[in-house]
Amino acid sequence: PAEQFNLMPIMDRWVIDHTFSTLSSAGFSRTHGEGIVSINLSGQSLADPELTGYIFSNTDKYRIAPDCICFEITETSAIRDINFAQQIFRQLKSRGFRLSLDDFGTGLSSFSYLKDMPVDYLKIDGSFVRTILNDRVTSAMVESINTVGHVMGLETIAEYVENDALVAQLKHIGVDHLQGYAIAEPVALKEYLSGLRTTDSACTG
C-alpha cells in the first residue's frame, strides 16, 4: 500500500532520521570505522532528487560518520532507472557512505550492469542461498556471484542463512559475510546498542 500511494520516500526519510538520531543519542557511529549500520532504500526514494540532500543534512545534524552507514538498494529497484540510480550512488559515495546491492541475481541481466555500479557489497538473494545444499544449479550460481564480486573488489553477503549446514557451505564457498537466524536473530537497534559498551563498535543490519 505504501508503494501504491507513493509513500515510501516519506517512510524512508523517517527511518533515516530515526536511525541517525538513535545512533547519535547512544554515542555510536561518530567515529570513522566504528561498525556499519545498514538502511534499506526503496525504489521510489531512488527517484527522489532531494534524497541525497536530506541524507547529507541529517548526517551533519547528528554528526554521523558516513562510512558507518550502508545504504541497501535492491537490484530490481536499481535497474528501473539505472542512470539515475548511478547518479544517486555516486553522490552518496562522494560523502563516504557505503552501498550494498541487495537481492542480487534476481534480474535478467545482473552481471551486465554490475561493473557500472559503485557499490561496496553484493548481497546474494536468499532464494538461492536457501537451496544450495540440495540444488547444484543454485549452488553454482552462488559461487559465480561470489567469484565475480571478489574479482571486482566487492565483499559478498549471503542472506537467509538459517542453519549450521548453510553456514559451513557458504564459508567453504568463500562468502565474506552471513546474515540470518543461524547467525543472530533480529533485535531492535536501541536494544542492541544498549547492550554494547561505549567503547565497542556497533555493527548491525
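Annotations
- Residue that is farthest from residue 34 (Cα to Cα), among those in the range 84-129 that are among the basic types (Lys, Arg) and under 13 Å from the mean Cα position of the chain (by Cα): 123
- Taken over the range 1-48, the residue count meeting the criterion of being closer than 28 Å to residue 84 by Cα and of a type in the set (Lys, Arg) is 1.
- Elements of the type helices (runs of 4 or more DSSP H) sitting completely within the range 1-117 and holding at least 3 residues that are surrounded by 16 or more Cβ atoms within 10 Å (Cβ to Cβ) and in contact (Cβ under 8 Å) with a residue 60 or more places away in the chain: these cover 8-26.
- Tabulated pairs, the range 178-198, first hydrophobic (A, V, I, L, M, F, W, C) and surrounded by 11 or more Cβ atoms within 10 Å (Cβ to Cβ), second assigned to a loop (DSSP other than H, G, I, E, B) and at pLDDT 90 or above, C-beta under 9 angstrom, 6+ apart or interchain: 178/159; 178/161; 182/161; 182/162; 182/163; 183/161
- Per-region count, the range 133-158, residues outside any loop (DSSP other than H, G, I, E, B), of a type in the set (A, V, I, L, M) and surrounded by 12 or more Cβ atoms within 10 Å (Cβ to Cβ): 7
- Selection from the range 159-173 of residues that are open to solvent by 60 Å² or more (accessible area, probe 1.4 Å), within 20 Å of residue 122 (Cα to Cα) and among the acidic types (Asp, Glu): 162
The values are calculated or read from the model by the stated rules, or taken from the named source; none is laboratory data. Since the structure is predicted, the reported quantities are computational estimates derived from the model, not experimental observations. Positions of Cβ are backbone-derived with ideal geometry, glycine not excepted, and every protein chain shown enters the neighbour counts. Remember, those area values only see protein heavy atoms, side chains included, never the ligands or the DNA or RNA. Shrake-Rupley method; radii C 1.70, N 1.55, O 1.52, S 1.80 Å.
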